[in-house]
Amino acid sequence: MKQSPTEEFYLLFDTIFEYYNAALFDGKLPKVMFVVTRKERTFGHYIPRKWINVNSIKTDEIAINPLMFGKYPIKEILQTTVHEMCHLWQEHYGEPSKTGYHNKEWGNKMESIGLMPSNTGLVGGKKTGQNMMDYIIENGPFDIKTNELLSKNVFTKLWYDVSMPY
């Protein structure tokens with residue numbers, strides 16, 4: 001039976017999550033709810049314990065913005081997903097700071113998996129702060145694992161917003 005567009009879209013992000021969870025986080029991260037956000041100037045976000053089911057089981061949320069899919073390379077979509085996964089890691093295994101702030105512990109985790117935090121998104125930016133970006137550390141774990149994932153051609157199921165070029 002053919003999958004619906006909804007199934008294709010969310011299964012892809014679940015697959016991405018599982019891949020990076022195993023490759024960069026030793027499979028330790030709890031499952032999350034993926035959602036779409038269209039908030040301007042937001043690539044993605046993480047919210048702890050945002051969802052609950054009928055059995056009172058809670059889960060965290062990772063949101064991604066489909067408006068970026070046509071504007072940025074796939075690698076940056078993956079980078080955003082892993083950035084948010086570092087927040088998830090910190091929530092469950094570290095000591096998160098106030099909402100929206102990216103502290104030293106989070107920054108160290110980012111570096112350890114191959115993403116360099118930077119308030120400018122460029123080399124030399126501050127490594128902590130309220131509004132943070134990051135860049136890929138060449139030949140670091142994220143770079144290596146992402147190149148492996150991209151070689152598997154799993155992105156044939158990625159759906160784009162029609163207003164964005166692809």
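The values are calculated or read from the model by the stated rules, or taken from the named source; none is laboratory data. Owing to the predicted nature of the structure, the values given are computational and were not obtained by experimental measurement. Using ideal geometry, Cβ is built from the backbone for each residue, glycine included, and neighbour counts are taken over all protein chains shown. With ligands, DNA and RNA removed, areas are computed over all heavy atoms of the protein, side chains included. Shrake-Rupley method; radii C 1.70, N 1.55, O 1.52, S 1.80 Å.
Computed from backbone phi, the HN-Hα couplings of region 119-132 come to 5, 9, x, 10, 4, x, x, 5, 8, 9, x, 6, 10, 10 Hz, rounded to whole numbers (Karplus: 6.51 cos²θ - 1.76 cosθ + 1.60, θ = phi - 60°; Gly and Pro given as x). Using C-alpha pairs below 8 Å separated by at least 6 residues, the relative contact order for the chain is 20 percent. Taking Cα centre as origin and charging only the Cβ of basic (Lys, Arg, +1) and acidic (Asp, Glu, -1) residues, the dipole magnitude of region 7-138 rounds to 460 debye. To put it simply, the accessible area of the chain at a 1.4 Å probe is 54 percent carbon and sulfur.
Summarising the amide proton neighbourhood of M33: residues at separation of 5 or more, or on other chains, whose placed amide H is nearer than 5 Å comprise D60, E61, I62.
The simple spin-label model puts a point 7 Å past each Cα toward its Cβ; for Q3 and T15 those points are separated by 0.5 nm. For N65, the residues whose modelled amide H falls within less than 5 Å of its own, excluding neighbours fewer than 5 places apart on the same chain, are T37.
Enter the Cα centre distance for the pair region 1-51 and region 95-166, rounded to the nearest angstrom. When both Cα centres are located, 14 Å separates them. By the equivalent-ellipsoid construction on the alpha carbon gyration tensor, region 106-146 comes out with semi-axes of 18, 10, 7 Å, ordered largest to smallest.
A straight chain from I144 to K75 at 0.36 nm per residue would run longer than the Cα-Cα distance by 23.7 nm.
For region 36-75, the Cβ-based charge dipole about the Cα centre amounts to some 100 debye (Lys, Arg positive; Asp, Glu negative; other atoms uncharged). Looking at (i) 47, 40, 32; (ii) 53, 37, 36; (iii) 48, 31, 28, which value of Cα extents along the principal axes in Å comes from a calculation on the structure shown? Structure-derived value, by its label: (i). In this simple spin-label model, placing a label point 7 Å from the Cα along the Cα-to-Cβ direction at both M33 and H92 gives a separation of 1.6 nm.
Taking 21 Å as the limit for the C-alpha separation, the pairs K28/K50; K75/K109; K2/K157; K39/K71; K75/K98; K71/K145 exceed it in the case of K75/K98; K71/K145.
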